Structures are given as C-alpha cells and as structure tokens.
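**Student:** The structure follows.
Please treat every number below as a calculation from the coordinates, not as lab data. These figures come from a predicted structure and were not determined experimentally. Cβ placement follows ideal geometry from the backbone for every residue including glycine, while neighbour counts extend to all protein chains displayed.
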Amino acid sequence: MTKSVIEEDLTIDGNVVSKDGDIEVKGKVNGDITSKSVDVSVAGQVQGVITAEAVTIRGKHSGQIACTELALEKNAEVTADVKAQTLSSEKGARLVGKVQITG
Amino acid sequence: MPDPSPAPGNAGQADFWTAGPGVRWAALHEALDGLFAQATAELLARAQPRPGEVALDIGCGAGDTTLAAADRTGAGGHVEGIDISETLLGVARRRAGGRPDVSFTLADAQTHAFRADGADLVLSRFGMMFFSDPATALANLRRALKPGGRIVFLTWAEVARNPWNREAKAAGVARLGAVRPDAPREPGQFAFAEIGYVADLLAQAGFAAITGEEAETRLRVPGRAEQAAALAAEIGPVSRLMREKGGTDADRHAIVADLAGRFRRFETAERVEVPAVVNVFAALRP
C-alpha cells in the first residue's frame, strides 16, 4: 500500500487523509490525520486528532489519538487523550493526558 | 502460613521502610496523612469502596487509607492493609484499635500468596511504585481480585510538576551537593510517573478497561512555610541527601530555611498548600 511522507520542510495546515495508506510525518501537521498507520518521526510534530490502526510516535504530538496499536518511542512527547487497544511505551517517552487501553 | 519475607529485589525497600525512614514516617504519620488528605479523598472518590466489599490496600503504611476505605465498606465488608514495614503496620494496628473490619498483613505484595479471586477492590495511595518487578506485582494483584474486580491507585506524576519534592531536593542539593539522579522507572517515588508506561504494565499484567490520567491535588500543612519546610526535610529527597552526604543539624537547619523561602508563595491564611500532580490509574480484572 502507498506510503506518504510529509518531509521535514513541509507544514500542512489542514486535515490529512490516506484511507488505506501509511503516513510518515517528518514535518508539521496542524490538523487531523486519518490513515491506516501513522508514524511521527523524531523531528515530526502533529497538532490534532490521529486516527489509525497503528500509531508510532517518536516526535511531538498534541491532541487526541484513537488507534488499535500505539507505540510511544523514547523521544515521544505527547500531550493527548489516548484511546488504544494496546500501548507500548519506551523508557523516556512522555505522555500527558488521559489514557484508555481497551484491550 | 504467608511468607512475610520480601522478594530479593524488594529487600532494600523492606529495610528502608522498617528502619530509619520508616521510623520517621511512623512518627510523622498524622502530619503525613494530613499532607495527603486531598489525595486520599481523590483515591476514595475514584475507587468507590462500597458496603460489603472486600478490599486490599497496597503499601498501606500507617493505615490511613485502609481505615478510610473500611469506613465505606462497613461492618459487612473488610479491608486488608498490606505493607512491607512492620514499623508502619504497628502504627496502623494501634490506630485500628482491634476493629474487626480491618486487618493488616506484613507481606511483599509482589509475591504474597493472596487468596485467589478474593477481593472486589485493590487500592493504593502512593504504595505501588516500589516493586522491583512491577509487572509481576500487578499480575499477582490481578489474581487476588475477583473477576470484574477493580484496581485503583494513585502515583506521583513527574517530579518537575511536583514542587513539594522538587523544591526540597533543590534546597538539599544547594546545601549538600548533587546526588545521582534517579533513573526513569527505577523503583521509588517517581517510578510510575509515566502514564503510558503504567498503562502498558497493567495491560501486560492482564487487566482490562485500563485508564490512566492526571489529577491536580494539593499537599496541605497547617501553619506557615517553616512548618511545611520542616516536614518536607524529614522525608523524601532531603532525608536521602542527609543520609548519603552525612548531613549535620546545621545543614538541616539551613535546608529548612532555604526551603521555607521556596514554600512561602504557597502560604494561605491558615496553612501551606503546595500544588501537586498525581496519576490516577484504574483497571478491571476481566
């Protein structure tokens, strides 16, 4: 399936949808992201609602996350209300907000 | 017969809470329960112990939360306080005065053979962050719950957002020098500061319907900043610094004076109210 990369020098003000694709955010998104998977890289920043099956955060996110599998890696800085079926959180990941793990 | 000896990784915690620092906590239990009164109310509001329920209070210390929970479970219910320190349990038993709806057990909750499927509720006020193997401890507590039973506990959010501890450490370090910083997730006061980490541990331990969120509270000490500083200097990071650096009475006085200055901004007309951020976790045994 297609993978779309929002590169480091790209800022998107608005919503991003890739129904069955994968989105990697190296730049900035000020809006909601809906996709099959979302990967926010170390330099990436997202402000908005992320809805996906799999979400990996290595960079910064604020807003909400609704997903099946959430992985927070060591540099993650998340200020969000989170709803996920599973969550893994590496040492050093920061998460401020309400977490619901539905299992 | 239950085995009260701690798991090997928790022996240091047992010594800590039974000897010096534990003795100080026992002596100061009234002031500390007052300090945490709002957090206790928050815990009970979330846990909602109901009449007739059986509850386990993990890391019950001097029994404040055990007795408060038992007031809600009533004569038809029971609350068992579990702690690793006989020093603190001695105070708890004295306070309980032989009331039949509470009991206290010297045990390491990480490995203690709780009655399987026995409890409606496991609760804890700041007693969950000290396990050497928290995943094993949480799984052990899950087995102690009835199916559908719930676990509700409070832990501290990160130290940067908790000035009671942050300022005490800053005052102590200013006088005595730095100590090795605690590694993230290392057993201790801030081991469960990361909500995602603890939610993950609860999931690994087999819990369902897991929630973790922050709550703002206040730590209250009657009187002026000097009284709050004196209390803060008895426990936590100042206590550790004094031990590790061989601090003297003069050092303690200097630290308390510095800390009083830092706490001044939290004075109200009747007391000192230091804002604090705690994490509240709740989950169910499937």
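**Student:** Taking the stretch B:236-272 on its own, how many of its residues are part of a loop (DSSP other than H, G, I, E, B), closer than 29 Å to residue B:38 by Cβ and not polar (S, T, N, Q)? Don't jump to the end; show me each part of the working.
**Tutor:** Taking the stretch B:236-272 as the starting set, the residues that turn out to be part of a loop (DSSP other than H, G, I, E, B) are B:246-248, B:268-270.
From the residues that got through so far, the ones that are closer than 29 Å to residue B:38 by Cβ too are B:268-270.
If we keep only those that are not polar (S, T, N, Q) as well, we get B:269-270.
Number satisfying all stated conditions: 2.
**Student:** While we're on this one: Among the numbered conditions (1) touching a strand residue (DSSP E or B) at 6+ places or on another chain (Cβ under 8 Å); (2) under 20 Å from residue B:193 (Cβ atoms); (3) at the interface with chain B (Cβ under 8 Å from one of its Cβ atoms), tell me where residue A:102 comes up short.
**Tutor:** Unmet for residue A:102, out of (1) touching a strand residue (DSSP E or B) at 6+ places or on another chain (Cβ under 8 Å); (2) under 20 Å from residue B:193 (Cβ atoms); (3) at the interface with chain B (Cβ under 8 Å from one of its Cβ atoms): (2).
**Student:** Of everything in the stretch B:176-194 that's surrounded by fewer than 22 Cβ atoms within 10 Å (Cβ to Cβ) and farther than 16 Å from residue B:132 by Cα, which residue is nearest to the other protein chains (Cβ to nearest Cβ)? Walk me through it before giving the result.
**Tutor:** Initially, the stretch B:176-194 is screened for residues surrounded by fewer than 22 Cβ atoms within 10 Å (Cβ to Cβ), giving B:176-191.
After this cut, where a residue has to be farther than 16 Å from residue B:132 by Cα as well, the list is B:176-181.
Numbers: B:176: 28, B:177: 26, B:178: 21, B:179: 20, B:180: 17, B:181: 13 Å.
Result: B:181.
**Student:** Residues in the stretch A:85-98: is at least one in contact with a His (Cβ under 7 Å, 6 or more places away or on another chain), more than 8 Å from chain B (Cβ to nearest Cβ) and either in a strand (DSSP E or B) or among the aromatic types (Phe, Trp, Tyr) (or both)?
**Tutor:** No, the stretch A:85-98 contains no residue that is in contact with a His (Cβ under 7 Å, 6 or more places away or on another chain), more than 8 Å from chain B (Cβ to nearest Cβ) and either in a strand (DSSP E or B) or among the aromatic types (Phe, Trp, Tyr) (or both).
**Student:** From the set of residues in the stretch B:39-68 that are of a type outside the set (A, V, I, L, M) and surrounded by fewer than 18 Cβ atoms within 10 Å (Cβ to Cβ), which is farthest from residue B:215 (Cα to Cα)?
**Tutor:** Filtering the stretch B:39-68 down to residues of a type outside the set (A, V, I, L, M) leaves B:40, B:42, B:46, B:48-53, B:57, B:59-61, B:63-66.
Narrowing further to those that are surrounded by fewer than 18 Cβ atoms within 10 Å (Cβ to Cβ): B:48, B:50-52.
Details: B:48: 16, B:50: 22, B:51: 26, B:52: 28 Å.
The qualifying residue farthest from residue B:215 (Cα to Cα) is B:52.
**Student:** Does the stretch A:33-48 hold any residues that are surrounded by fewer than 18 Cβ atoms within 10 Å (Cβ to Cβ), touching a Ser or Thr at 6+ places or on another chain (Cβ under 7 Å) and not β-branched (Val, Ile, Thr), and which are they?
**Tutor:** A:47
**Student:** Does the stretch A:56-74 hold any residues that are of a type in the set (Lys, Arg) and either assigned to a strand (DSSP E or B) or over 9 Å from the mean Cα position of the chain (by Cα) (or both), and which are they?
**Tutor:** Taking the stretch A:56-74 as the starting set, the residues that turn out to be of a type in the set (Lys, Arg) are A:58, A:60, A:74.
A:60, A:74, listed by residue number.
**Student:** Moving on to the next point. Are any of the residues in the stretch B:264-286 crowded, with 20+ Cβ neighbours inside 10 Å, away from chain A (no Cβ under 14 Å) and without any contact (Cβ under 8 Å) to a residue 40 or more places away in the chain? Don't jump to the end; show me each part of the working.
**Tutor:** Going through the stretch B:264-286, the residues crowded, with 20+ Cβ neighbours inside 10 Å turn out to be B:266, B:272, B:274, B:276, B:278-281, B:283, B:285.
Those still in the list that are away from chain A (no Cβ under 14 Å) too: B:266, B:272, B:274, B:276.
Adding the requirement that they be without any contact (Cβ under 8 Å) to a residue 40 or more places away in the chain leaves none.
No, because not a single residue in the stretch B:264-286 is crowded, with 20+ Cβ neighbours inside 10 Å, away from chain A (no Cβ under 14 Å) and without any contact (Cβ under 8 Å) to a residue 40 or more places away in the chain.
**Student:** Which one is farthest from residue B:193 (Cα to Cα) among residues in the stretch B:264-282 that are touching a strand residue (DSSP E or B) at 6+ places or on another chain (Cβ under 9 Å) and small (Gly, Ala, Ser)?
**Tutor:** B:282
**Student:** Out of the residues in the stretch B:195-248 meeting the condition of being among the acidic types (Asp, Glu) and under 18 Å from residue B:170 (Cα atoms), tell me which one is farthest from the other protein chains (Cβ to nearest Cβ).
**Tutor:** Initially, the stretch B:195-248 is screened for residues among the acidic types (Asp, Glu), giving B:200, B:213-214, B:216, B:226, B:234, B:244.
Still in the list and also under 18 Å from residue B:170 (Cα atoms): B:226, B:234, B:244.
On the way: B:226: 33, B:234: 30, B:244: 24 Å.
My answer is B:226.
**Student:** Sort through B:142, B:125, B:161 and tell me the only one that's closer than 13 Å to residue B:282 by Cα, surrounded by fewer than 24 Cβ atoms within 10 Å (Cβ to Cβ) and either touching a strand residue (DSSP E or B) at 6+ places or on another chain (Cβ under 9 Å) or away from every other protein chain (no Cβ under 13 Å) (or both).
**Tutor:** Details: B:125 fails: surrounded by fewer than 24 Cβ atoms within 10 Å (Cβ to Cβ); B:161 fails: closer than 13 Å to residue B:282 by Cα.
From the options B:142, B:125, B:161, the qualifying one is B:142.
**Student:** Report yes if residue A:23 is more than 27 Å from residue B:284 (Cβ to Cβ), of a type outside the set (Lys, Arg) and part of a strand (DSSP E or B), otherwise no. It would help to see each step written out before you state the result.
**Tutor:** Details: more than 27 Å from residue B:284 (Cβ to Cβ): yes; of a type outside the set (Lys, Arg): yes; part of a strand (DSSP E or B): yes.
Considered against the rule, which asks whether it is more than 27 Å from residue B:284 (Cβ to Cβ), of a type outside the set (Lys, Arg) and part of a strand (DSSP E or B), residue A:23 comes out as yes.
**Student:** Residue by residue through the stretch B:186-225, note down the ones that are at positive phi and touching a helix residue (DSSP H, G or I) at 6+ places or on another chain (Cβ under 6 Å). Walk me through it before giving the result.
**Tutor:** Pass one, the stretch B:186-225, residues at positive phi: B:188, B:206, B:209, B:223.
Correct list: B:206 only.
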